[in-house]
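Please read the structure below before turning to the comments.
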Amino acid sequence: MIFHELPIHGAYLIEPEARTDERGFFARTYCREQFRERGLTTDLVQCNESGSEAAATLRGMHYQLPPYAETKLVRCIRGKLYDVVLDLRKDSPTFGRSYGAELSSTNRRMMYVPKGCAHGFVTLQHRTEAFYLTDEVYAPEAERGVRWDDPAFRIEWPIPPRVMSLKDRRHPNFQTSRAVVVS
């Protein structure tokens, strides 16, 4: 695996190194030792999958409050999406910054989202599926979100979202939410 450090403290874009032959390919998508060598979370306890029928479907920007804050390892297993990590850690040197990258079933890239960061994506193709691992179980009482279009963060989405849940539409702007994540 190739680990690319992102401009968000502790976040990575990870590329599996595929070995190909007449059968197709083989690629490692997780290795505890390689994660441990970089000081990344290795105790992944829950797998989640989401499917979106329409292109321009937005899911985000989600996070969980401590002690249920999650590290996520996100991969697109069908279609294509634009994945965003947003640093909400008050004491982080990259607080308030975001980074986005295209993840697809073709490029097989993964986004490593550290605890204290919000995460979201917009689908770029119909019938897109995302698969992600977390190091905490989902805790509804700790779930929070900020608006995908919060002017404080100026996230540059490649396409305007057309489909999103009512819950995601109702996320507050970060300045008014009073739900600061503490690092």
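Looking at E102, E70, E53, can you tell me which residue is acidic (D, E) and more than 24 Å from Y138 (Cα to Cα)? Steps first, answer last, please.
Working: E70 fails: more than 24 Å from Y138 (Cα to Cα); E53 fails: more than 24 Å from Y138 (Cα to Cα).
Result: E102 is the single residue among E102, E70, E53 that is acidic (D, E) and more than 24 Å from Y138 (Cα to Cα).
Only one residue in G120, G116, G60, G79 is crowded, with 17+ Cβ neighbours inside 10 Å, farther than 23 Å from F153 by Cβ and of a type outside the set (S, T, N, Q). Which one? Break it down stepwise before answering.
Values: G120 fails: farther than 23 Å from F153 by Cβ; G116 fails: farther than 23 Å from F153 by Cβ; G60 fails: farther than 23 Å from F153 by Cβ.
Exactly one residue qualifies, and that residue is G79.
Within the range 170-180, is there a residue that is touching a Leu at 6+ places or on another chain (Cβ under 9 Å), modelled with pLDDT under 95 and in a strand (DSSP E or B)? Step through it out loud before you land on a result.
If we filter the range 170-180 for residues that are touching a Leu at 6+ places or on another chain (Cβ under 9 Å), which is where we start, we get 174, 179-180.
Then drop every residue that is not modelled with pLDDT under 95, which leaves 174, 179-180.
Next cut, in a strand (DSSP E or B) only: none.
No, the range 170-180 has no match at all.
Of the residues making up the range 8-31, not a single one is within 15 Å of the chain's Cα centre (by Cα), surrounded by fewer than 11 Cβ atoms within 10 Å (Cβ to Cβ) and in contact (Cβ under 8 Å) with a residue 60 or more places away in the chain.
For R89, indicate whether it is surrounded by 15 or more Cβ atoms within 10 Å (Cβ to Cβ), basic (K, R) and within 14 Å of the chain's Cα centre (by Cα).
No, not satisfied.
Can you name the residue in the range 102-135 that is hydroxyl-bearing (S, T, Y) and outside any strand (DSSP E or B) and, of all such residues, is nearest to the chain's Cα centre (by Cα)? Here the residue is S105.
With respect to D91, is the statement that it is in contact with a Lys or Arg (Cβ under 6 Å, 6 or more places away or on another chain), farther than 30 Å from R19 by Cβ and acidic (D, E) true? No: the conditions fail for D91. For the range 92-101, filtering for residues that are more than 16 Å from the chain's Cα centre (by Cα) and buried (at least 19 other Cβ atoms within 10 Å of the Cβ) leaves 0.
Say whether the condition of being farther than 28 Å from H171 by Cα and either hydrophobic (A, V, I, L, M, F, W, C) or in contact (Cβ under 8 Å) with a residue 60 or more places away in the chain (or both) is met by at least one residue in the range 64-74. Show your work before the answer.
Looking only at the range 64-74, we keep the residues that are farther than 28 Å from H171 by Cα, and these are none.
No, the range 64-74 contains no residue that is farther than 28 Å from H171 by Cα and either hydrophobic (A, V, I, L, M, F, W, C) or in contact (Cβ under 8 Å) with a residue 60 or more places away in the chain (or both).
Out of the residues in the range 142-165 that are acidic (D, E) and touching a residue at least 12 places away in the same chain (Cβ under 8 Å), which is nearest to Y30 (Cα to Cα)? Lay out the reasoning, then the answer.
Here is the first cut: in the range 142-165, the residues acidic (D, E) are 143, 149-150, 156.
Within this subset, residues satisfying the condition of being touching a residue at least 12 places away in the same chain (Cβ under 8 Å) are 143, 150, 156.
Details: E143: 26, D150: 33, E156: 29 Å.
Across the range 142-165, the extreme among qualifying residues is E143.
Each residue in the range 60-86 was checked for being over 10 Å from the mean Cα position of the chain (by Cα) and of a type outside the set (F, W, Y), and 12 of them qualify. Among the criteria (1) closer than 19 Å to D150 by Cβ; (2) surrounded by 14 or more Cβ atoms within 10 Å (Cβ to Cβ), the one L73 does not fulfil is (1).
How many residues are farther than 19 Å from Q64 by Cα and either of a type in the set (A, V, I, L, M, F, W, C) or touching a residue at least 40 places away in the same chain (Cβ under 8 Å) (or both) when one looks only at the range 103-123? Spell out the reasoning first.
First, pick out the residues of the range 103-123 that are farther than 19 Å from Q64 by Cα: 103-110, 122-123.
From the residues that got through so far, the ones that are either of a type in the set (A, V, I, L, M, F, W, C) or touching a residue at least 40 places away in the same chain (Cβ under 8 Å) (or both) too are 103, 107-110, 122-123.
Summing the residues that are farther than 19 Å from Q64 by Cα and either of a type in the set (A, V, I, L, M, F, W, C) or touching a residue at least 40 places away in the same chain (Cβ under 8 Å) (or both) in the range 103-123 gives 7.
The values are calculated or read from the model by the stated rules, or taken from the named source; none is laboratory data. For clarity, every value in this text was computed on a predicted model and none was experimentally measured. Note: ideal-geometry Cβ built from the backbone for every residue, glycine included; neighbour counts use all protein chains shown.
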